[in-house]
1. Tell me, yes or no, whether the stretch 167-175 has at least one residue that is on the phi > 0 side of the Ramachandran plot and of a type outside the set (S, T, N, Q).
2. Is it true that some residue in the stretch 133-142 is at pLDDT below 75, charged (D, E, K, R), in a loop (DSSP other than H, G, I, E, B) and within 30 Å of Ala5 (Cα to Cα)?
3. Within the stretch 356-401, can you find the residues that are assigned to a helix (DSSP H, G or I), in contact (Cβ under 8 Å) with a residue 24 or more places away in the chain and among the small types (Gly, Ala, Ser)?
4. Tell me, which residue of the stretch 214-245 that is in a helix (DSSP H, G or I) and among the hydroxyl-bearing types (Ser, Thr, Tyr) is surrounded by the most Cβ atoms within 10 Å (Cβ to Cβ)?
5. Kindly indicate whether Ala28 is at pLDDT 85 or above, among the small types (Gly, Ala, Ser), part of a helix (DSSP H, G or I) and closer than 20 Å to Arg403 by Cα.
6. For the stretch 160-193, how many residues are surrounded by fewer than 13 Cβ atoms within 10 Å (Cβ to Cβ) and either under 12 Å from the mean Cα position of the chain (by Cα) or over 17 Å from Tyr419 (Cα atoms) (or both)?
7. Any residue that is of a type outside the set (A, V, I, L, M), modelled with pLDDT under 70 and assigned to a helix (DSSP H, G or I) - is there at least one of those in the stretch 415-423?
8. When residues of the stretch 194-208 are filtered for being part of a helix (DSSP H, G or I), among the basic types (Lys, Arg) and closer than 17 Å to Ile253 by Cβ, how many remain?
Amino acid sequence: MTDAAYIYVRVSTAEQVDNHSLETQEQACREYCERAGLHVVGVFRDEGESAKTTERPELQALLNACAVDGKRDGVSTVVVYKVDRLSRKVEDYAAITAALQRAGMKVRSASEAFDDSPAGNLVENIMASFAQFDNDVRSERTKVGMRHAASSGRWQWQAPLGYQKGPRHSSASLIIDAEVAPIVRRAFEIIASRRCSKIEALQEASKLGLRSVRGNLLTPQTFGSMLRNPLYIGRVVVPKWDIDVEGDFEPLIDSSTFHAVQHVLDGRSPSKVNRTRNHPDFPLRRIVRCGHCTTPFTGSWSKGRSKTYAYYRCPKKGCSGSSVRKDTLESQTCGLLAKMSLQPSALGLLDHVVREAWRERQEVSFAASKQLETELQSVTQKQDRLMDKYLEGNGIDRETFERQSQRLRQDEAALRNRYRATVPDEANLARAIDTAQMMLGDLENCWNHLEPQHRADFLGAVYPTGLTYQDGIIGTAEIPWWLNGLQPSKTENEDLAPPTGFEPVLPA
């Protein structure tokens, strides 16, 4: 009776599946079996499985077949293309071959010559050692490259919720996911507000559509890990490499909100100082600085004979800066906001600037969407090939087919979600322009209509470097960012008039 053989083939990546490496290996193994007079009774194919572990579905199926059906089928040999297809770790290779020997099987390579003689065993062991050496070298090179990239602020692993991987060759390794990012921000804000528990915050975020990459509801553990992730404040942190650097991508969460969330998760009480500093009665606190010593003003109430009075004052001991009535300083602030508002002649230029920024975003989104279209097409082709092989009975059983089909469907769903998020919404552009024109065209009115607790944040956004008060005058020594951003260049249209009358107001 002719001896029989099982064939085992493996590739590590989906790309190798696409370029028919499995078919190449199988053909070489069949040719070897024909030369050796071996009858092939089964082929085991691990697609996209690493040799760093023995927990591969088809490898386990092979070992089970050898132990249960091998003798009945007359199988004496397991044929591989190279010994590294079985394993790239010497100890794992030895364990696999020992299990095969107990089942009465031997290993043969279609591209490497060795036999059962002492010299042949030496060659086989050397081949297994070289496989591990090659794997270790590749791994070390990869780690060095990844460590260097991480220390430069590039994130190289799966993008966390709220982000997407940046386009190839992009200066940013992560870009904000326009669809998911608002939900992630909302989750952080809910926790930071302390108005509900982590579980309640997760439930609210889930109702808003927060899902895992695979489209599943987040578990409390995953949600907690998300809230702890420093990537959201723009930090690349890799403890095992002692790396903690600023990332090359835009932060999704501001530092104050992130640290407030950490306090909540750690069970710490909110700072009493922070509550006092953020008192809505004094929105100019920390925004306005003393013109004599640059110390941020504080605010307090003073009791008179019949009522109390609110004052802003410099808290620095020995400073000659005087205090100022709350209504006086806030009235002057309103006057400054009115003077710094854009006049109608500049609103057309604002429209131009916003649309130009939108166009740049569209270009980035278009590049990302084209890449995602290519990936979607590749997944679809894999699904078609998998179906064809299953229907043709080409070595794929039902269990393997269903498992691979489910994986591909999940990949497709995740890609389609990412694709939808890359398509810019023109309605958002119109809203952004309307909001910018409304706000920057009447800053004083915006201030007057804000709730007291939001006025400090508004001024902080309008004047990032703050304001200065000295000798009865409030002003800023810096041209506001929205005026700098609207200075026309020589290449812009002549009919877009530059904003005028916005000289910075300096303290006397």
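The values are calculated or read from the model by the stated rules, or taken from the named source; none is laboratory data. All figures in this text were calculated on a predicted structure; none of them were measured in a lab. Note that we place each Cβ from the backbone using ideal geometry, even for glycine, and neighbour counts take in every protein chain shown.
1. yes
2. no
3. Ser365, Ala367, Ala368, Ser369, Ser378
4. Tyr232
5. Numbers: at pLDDT 85 or above: yes; among the small types (Gly, Ala, Ser): yes; part of a helix (DSSP H, G or I): yes; closer than 20 Å to Arg403 by Cα: no.
Judged against the criteria, Ala28 is not a match.
6. Of the residues in the stretch 160-193, 2 are surrounded by fewer than 13 Cβ atoms within 10 Å (Cβ to Cβ) and either under 12 Å from the mean Cα position of the chain (by Cα) or over 17 Å from Tyr419 (Cα atoms) (or both).
7. Within the stretch 415-423, one or more residues are of a type outside the set (A, V, I, L, M), modelled with pLDDT under 70 and assigned to a helix (DSSP H, G or I).
8. Let us first name the residues in the stretch 194-208 that are part of a helix (DSSP H, G or I), namely 198-207.
Applying the additional criterion that residues be among the basic types (Lys, Arg) yields 198, 207.
With closer than 17 Å to Ile253 by Cβ added as a condition, the list becomes 198.
Going through the stretch 194-208 one residue at a time, the tally reaches 1.
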